1. Can you give me the number of residues within the stretch 124-153 that are in contact (Cβ under 8 Å) with a residue 60 or more places away in the chain and either exposed (fewer than 15 other Cβ atoms within 10 Å of the Cβ) or part of a helix (DSSP H, G or I) (or both)?
2. Considering every residue within the stretch 100-117, establish whether at least one is among the small types (Gly, Ala, Ser) and within 13 Å of the chain's Cα centre (by Cα).
3. Can you find even one residue in the stretch 61-81 that is closer than 26 Å to Asn118 by Cα, in contact with a strand residue (DSSP E or B) (Cβ under 9 Å, 6 or more places away or on another chain), part of a helix (DSSP H, G or I) and of a type in the set (S, T, N, Q)?
4. Only one of these conditions is not met by Ala63: (1) modelled with pLDDT of 95 or more; (2) loosely packed, with under 15 Cβ neighbours inside 10 Å; (3) within 22 Å of Ile99 (Cβ to Cβ). Which number is it?
5. What's the number of the only condition in (1) over 27 Å from Gly129 (Cβ atoms); (2) out of contact with any Asp or Glu (no Cβ under 8 Å at 6 or more places or on another chain); (3) assigned to a loop (DSSP other than H, G, I, E, B) that Lys28 fails to meet?
6. Looking only at residues that are in contact with a helix residue (DSSP H, G or I) (Cβ under 8 Å, 6 or more places away or on another chain) and either of a type in the set (D, E, K, R) or outside any helix (DSSP H, G or I) (or both) in the stretch 82-104, which one is surrounded by the fewest Cβ atoms within 10 Å (Cβ to Cβ)?
7. Ala121: touching a residue at least 24 places away in the same chain (Cβ under 8 Å), outside any helix (DSSP H, G or I), surrounded by 14 or more Cβ atoms within 10 Å (Cβ to Cβ) and under 17 Å from the mean Cα position of the chain (by Cα), yes or no?
8. Which of the residues that make up the stretch 8-18 are buried (at least 20 other Cβ atoms within 10 Å of the Cβ) and modelled with pLDDT of 95 or more?
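The values are calculated or read from the model by the stated rules, or taken from the named source; none is laboratory data. Predicted model only: the values in this text are computed from it and were never measured. Note: ideal-geometry Cβ built from the backbone for every residue, glycine included; neighbour counts use all protein chains shown.
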Amino acid sequence: MKKGSDFMDALIRDMTEVDIEDVLEIEKTSFSSPWSKDAFTLEITKNTLAKYIVAEMDNKVVAYGGIWFIIDEGHITNIAVHEKYRGLGISNKIVEGLIDLCIDRSIRAMTLEVRKSNEIAKSLYKKYGFKECGIRPGYYSDDNEDAIIMWKTI
């Protein structure tokens, strides 16, 4: 990472198959139950409801986010930032990119699940108007942690 880099340097673009290896590196350091290469490949090549974006800095994919478009709702599947690039505000650009995708498609609302203990992520989503609306008990299979359901009206 360049000294003095910040999220303003991040280029947001569509994820391609070429990006999957970088995304897997981010995934493995971000989640206790990471998605597989096959899962990401299917998401970006076969799932017509899915759209994934990446943030690129210093010619490297440093963050990604995904969303499923179901009728008039957008369901955020995952957002993660490479551990070396956390704290620079890149997650803001990913969330903004996903919101822009929803606006472009006339989506009326967005939703997501987030670990009950993930205060950093919940703060990020609240910053963009997401509100806590429910709980999915035992949602996460690795440790049975509850998920907080959040919604945002567009």
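1. Number satisfying all stated conditions: 3.
2. no
3. No; the residues of the stretch 61-81 include none that is closer than 26 Å to Asn118 by Cα, in contact with a strand residue (DSSP E or B) (Cβ under 9 Å, 6 or more places away or on another chain), part of a helix (DSSP H, G or I) and of a type in the set (S, T, N, Q).
4. (2)
5. (3)
6. Step one: list which residues in the stretch 82-104 are in contact with a helix residue (DSSP H, G or I) (Cβ under 8 Å, 6 or more places away or on another chain), which gives 82-83, 88-93, 95.
This time we only want the ones that are either of a type in the set (D, E, K, R) or outside any helix (DSSP H, G or I) (or both), so: 82-83, 88-89, 93.
On the way: His82: 21, Glu83: 12, Leu88: 21, Gly89: 14, Lys93: 21.
Looking at residues that are in contact with a helix residue (DSSP H, G or I) (Cβ under 8 Å, 6 or more places away or on another chain) and either of a type in the set (D, E, K, R) or outside any helix (DSSP H, G or I) (or both), I get Glu83.
7. Spelling it out, it is not the case that Ala121 is touching a residue at least 24 places away in the same chain (Cβ under 8 Å), outside any helix (DSSP H, G or I), surrounded by 14 or more Cβ atoms within 10 Å (Cβ to Cβ) and under 17 Å from the mean Cα position of the chain (by Cα).
8. Of the stretch 8-18, the ones buried (at least 20 other Cβ atoms within 10 Å of the Cβ) are 10, 15.
Result: Met15, single match.
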